[in-house]
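Colleague: I'd like to ask you about the structure that follows.
Each reported figure results from applying straightforward, stated rules to the coordinates on display, with no laboratory input. Just so it is clear, the model here is predicted, and its values are computed rather than measured. Cβ placement follows ideal geometry from the backbone for every residue including glycine, while neighbour counts extend to all protein chains displayed.
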Amino acid sequence: MLRGVAEHMTPEQFRVYGKQVVDWIADYLATVESHPVRSRVSPGAVREALPKHPPERGEPFDAVLADLDRVVLPGATHWQHPSFFGYFPANASGPAVLGDLLSSGLGVQGMLWATSPACTELETLVVDWLVELLDLPARFRTDASGGGVIQDSASSAAVVAVLAARQRAGEGAHTLYVSSQTHSSLEKAARVTGWVSRTCVSSTWTRTRSPWTRRIWTS
């Protein structure tokens, strides 16, 4: 061990602390309804509750768990709360949490088949399962031309969708129409892929008898 440098966490320490973390998560999921759905802290409160400078030494693990209760929970918006209906569904099940733990424990990279055959083949199989479960066309299978892929976020999916639409449309000038209520991720996707916002116009289109403003992006 280098002088002044803490040892790496041993497997036995990981076993002890890991059980504490699983118990903490289980207790949180069991009591999530007792928390206010939306955090009631003021802006900057979480930052003020933490050290202003990087600590020179790590804290005992009990102190880390205590900070979860003292700092993190009061500053969290509880997406797993049964009364949370904002944004989009982001529910985390117990099996999903354990799956994340196993994936992090393996720590493999699935960039290529050679970097982890199990990762690559398991992922492609699950994508094909989803194609079957959702009754999608066969071209979404991973063994089809192009194949299917799971994006890591809605924003990156929007970029891929805009690029695919532009590729399918071919050469020449094209127009992308979105409403004024469209999520900002689509505007980012348009800018990243080279579209230019020319104008905003009030359209004669209606949705529930209200004017629907559309934004026009041109390539």
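Colleague: Rounded to the nearest 0.05, what FRET efficiency do residue 62 and residue 97 give with R0 = 25 Å and r taken as the Cβ-Cβ distance? Could you check?
Modeller: Details: r = 22 Å, r/R0 = 0.86.
Computed FRET efficiency for residue 62 and residue 97 comes out at 0.70.
Colleague: Determine the sum of side-chain charges near residue 16: Lys and Arg each +1, Asp and Glu each -1, restricted to other residues whose C-beta is under 13 angstrom from that of residue 16.
Modeller: Details: positive: 15, 19; negative: 12, 23, 62.
Within the 13 Å Cβ shell, the charges total -1.
Colleague: Could you calculate the FRET efficiency of residue 183 with residue 16 from 1/(1 + (r/R0)^6), where r is the beta carbon distance between them and R0 is 25 Å, rounded to 0.05?
Modeller: For R0 = 25 Å, the calculated efficiency reads 0.05.
Colleague: Right, next: If I take the Cα coordinates of the stretch 1-107 and project them onto the principal axes, what are the three extents in Å, biggest first?
Modeller: The Cα atoms of the stretch 1-107 stretch 51, 34, 21 Å along their principal axes.
Colleague: Putting +1 on Lys and Arg Cβ atoms and -1 on Asp and Glu Cβ atoms, find which of 60, 120, 163 reaches farthest to the positive end of the dipole of the chain.
Modeller: In the chain, that residue is 163.
Colleague: What is the chain's relative contact order, in percent, from Cα pairs under 8 angstrom and six or more apart in sequence?
Modeller: Values: 164 pairs, mean separation 23.8, N = 219.
RCO, the chain: 11 percent.
Colleague: May I pose another question? Please compute the modelled spin-label separation between residue 144 and residue 81, points set 7 Å along Cα→Cβ, answer in nm with one decimal.
Modeller: Here the modelled spin labels are 4.1 nm apart.
Colleague: Work out the FRET efficiency for residue 33 and residue 154 from their Cβ-Cβ distance, taking R0 = 22 Å, and round it to the nearest 0.05. Don't jump to the answer; show the numbers that get you there.
Modeller: Numbers: r = 27 Å, r/R0 = 1.23.
It comes to 0.20.
Colleague: Counting Lys and Arg as +1 and Asp and Glu as -1, each charge on the Cβ, what is the dipole of the chain about the Cα centre in debye, to the nearest 20? Before the final figure, lay out the partial values.
Modeller: Numbers: 20 positive and 21 negative charges, 289 e Å.
In debye, rounded to 20, the chain gives about 1380.
Colleague: While we're looking at this one, here's another question. Rank by packing, highest mean first: peptides 114-121, 50-57, with packing defined as the count of other Cβ atoms within 10 Å averaged across residues.
Modeller: Numbers: 114-121: 13.1, 50-57: 6.6.
Result, highest mean Cβ count within 10 Å first: 114-121, 50-57.
Colleague: If you split all Cα-Cα distances of the chain into 10 Å bins from zero, what percentages do you get per bin, shortest first?
Modeller: Binned Cα distances yield the sequence 6, 17, 24, 26, 19, 7, 1, 0.
Colleague: What net charge do the residues around residue 31 carry, taking every other residue with its C-beta under 13 Å from that of residue 31, with Lys and Arg at +1 and Asp and Glu at -1?
Modeller: Working: positive: none; negative: 23, 27, 33, 69.
Surrounding charge for residue 31 is -4.
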